[in-house]
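**Q** The following block contains the structure, expressed as structure tokens.
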Amino acid sequence: MDTPVNAERLTRELDWNLLRTFVVLARSRSVTDAAQRLRLTQPSVSTALKRLEDRVGKKLIDRAPGRFELTRAGHLLYREAVEIHGAIFRLSTLMRDMTDEVTGNVRLAMASHVVCPLFDQVLAEFHAAHPRATLSISVHRSAEALAAVSARSASLAICLVHRRDPNLEYLRLYREFFGLFCGPSHPLFGRRDLTQADLAGHSAVSFETDRLHDALRAVTMLRAESDLSEQVIGTSSHLEEVRRMVIAGLGIGPLPLHVVARDVADGLLWRLPPHEAPPAIDVHLVWNPKAVLNRAERSLLDRLHARIAATPIAERIYA
């Protein structure tokens, strides 16, 4: 299907809606899946894909029974389409941001249950300085938060980082430590004479990113060293839900020490061995240097950057 592309004709005739449809297709498992996300019929999505392939003169998706993969041309177009989508998405915000007073909306993509006093202080100062600026905070898996910043649909992300995208900028916000916990109905709850060997064979609950090749690799190693059952009874991308399953007695689970300190004091959670050298996990502030930020976004990013630079890492380690 490959044919030479006439650049002038392409810029004149290419429909943005086709690119938007293709971005959704690229993130889907099939045409049917994309149609459901777009709330369109499957034939209309297939027709849009064919029109786009005709426009660019390249096959973009390799479709066959059991296969739905982007071609090399598809990968290239997807990267460019995401950039275009981000630019268009921000136009209305930039047009509204033409007043003397700092207004505009800041979209934050956050990992679940970020507990960081430094961040909270900066938010308070930001609101006091710019009371008409608005804030939208959405909670995602860390990979989704990073994807939102890359696509420019989020201003900033605060999340875990496994592999760094060279197109994004990263700054460590704080470090937290994980321990293993059980709930009141668990047979190990309240026992002070435990060793790590006592955890062997007990069921576990954990995070979806608790894998050797993901952001919580250190936590995965801790579970393995404790010889917990290989069967993980429950998983979630949200800390609150992992905490819920641990308290309910589904199994032993990893949780950040500083986040659940009150639960331990209230008798809802019991920390299990090992108590020495708990795994450390870094939480980062992430932004897209190519994104054109409105003044509210720029102000919050600059404030966070300055506060992090002025605060020694020892004061940003929460144990």
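**Q** Scan 189, 177 and give me the residue that is touching a residue at least 40 places away in the same chain (Cβ under 8 Å), part of a loop (DSSP other than H, G, I, E, B) and of a type outside the set (Lys, Arg).
**A** Unique residue meeting the criteria: 189.
**Q** In segment 146-171, which residue that is assigned to a helix (DSSP H, G or I) and among the aliphatic types (A, V, I, L, M) is surrounded by the fewest Cβ atoms within 10 Å (Cβ to Cβ)?
**A** Residue satisfying both the conditions and the ranking: 147.
**Q** While we're looking at this one, here's another question. For residue 206, state whether it is outside the structural domain of residue 298 (by TED's automatic domain parsing), of a type in the set (Gly, Ala, Ser) and farther than 28 Å from residue 315 by Cβ.
**A** Yes, satisfied.
**Q** Same structure, new question: Does any residue of segment 295-317 turn out to be touching a strand residue (DSSP E or B) at 6+ places or on another chain (Cβ under 7 Å) and of a type in the set (Ser, Thr, Tyr)?
**A** No, segment 295-317 contains no residue that is touching a strand residue (DSSP E or B) at 6+ places or on another chain (Cβ under 7 Å) and of a type in the set (Ser, Thr, Tyr).
**Q** Go through the residues of segment 243-254 one by one and say whether even a single one is among the charged types (D, E, K, R), closer than 30 Å to residue 86 by Cα and either crowded, with 21+ Cβ neighbours inside 10 Å or in the same structural domain as residue 134 (by TED's automatic domain parsing) (or both).
**A** no
**Q** Based on what the data block shows, is residue 260 in contact with a strand residue (DSSP E or B) (Cβ under 6 Å, 6 or more places away or on another chain) and of a type outside the set (Phe, Trp, Tyr)?
**A** Here the answer is no, as residue 260 does not meet what is asked.
**Q** Also, I was wondering about something else. Just to be sure, is residue 143 under 13 Å from the mean Cα position of the chain (by Cα), at negative phi and assigned to a strand (DSSP E or B)?
**A** Answer is no for this residue.
**Q** Can you tell me which residue in segment 172-197 is surrounded by the fewest Cβ atoms within 10 Å (Cβ to Cβ), limited to those that are closer than 13 Å to residue 160 by Cα and basic (Lys, Arg)?
**A** Per the stated criteria, the residue is 172.
**Q** Among what's in segment 255-269 and is among the charged types (D, E, K, R) and under 17 Å from residue 176 (Cα atoms), pick the residue that is surrounded by the most Cβ atoms within 10 Å (Cβ to Cβ).
**A** Checked segment 255-269; the qualifying residue surrounded by the most Cβ atoms within 10 Å (Cβ to Cβ) is 263.
**Q** Quick one: is residue 235 exposed (fewer than 15 other Cβ atoms within 10 Å of the Cβ), among the β-branched types (Val, Ile, Thr) and not assigned by TED's automatic domain parsing to the domain that holds residue 150?
**A** No: the conditions fail for residue 235.
**Q** Are any residues in segment 184-235 within 18 Å of residue 278 (Cβ to Cβ), among the hydroxyl-bearing types (Ser, Thr, Tyr), out of contact with any helix residue (DSSP H, G or I) (no Cβ under 7 Å at 6 or more places or on another chain) and modelled with pLDDT of 85 or more, and if so, which ones?
**A** 195
**Q** A follow-up question, please. Assess whether residue 223 counts as being over 30 Å from residue 304 (Cα atoms) and surrounded by 16 or more Cβ atoms within 10 Å (Cβ to Cβ).
**A** yes
The values are calculated or read from the model by the stated rules, or taken from the named source; none is laboratory data. Just so it is clear, the structure is predicted and the values come from calculations on it, not from any experiment. Quick reminder, even Gly has a Cβ in these numbers, built from the backbone with ideal geometry, and neighbours come from all protein chains shown.
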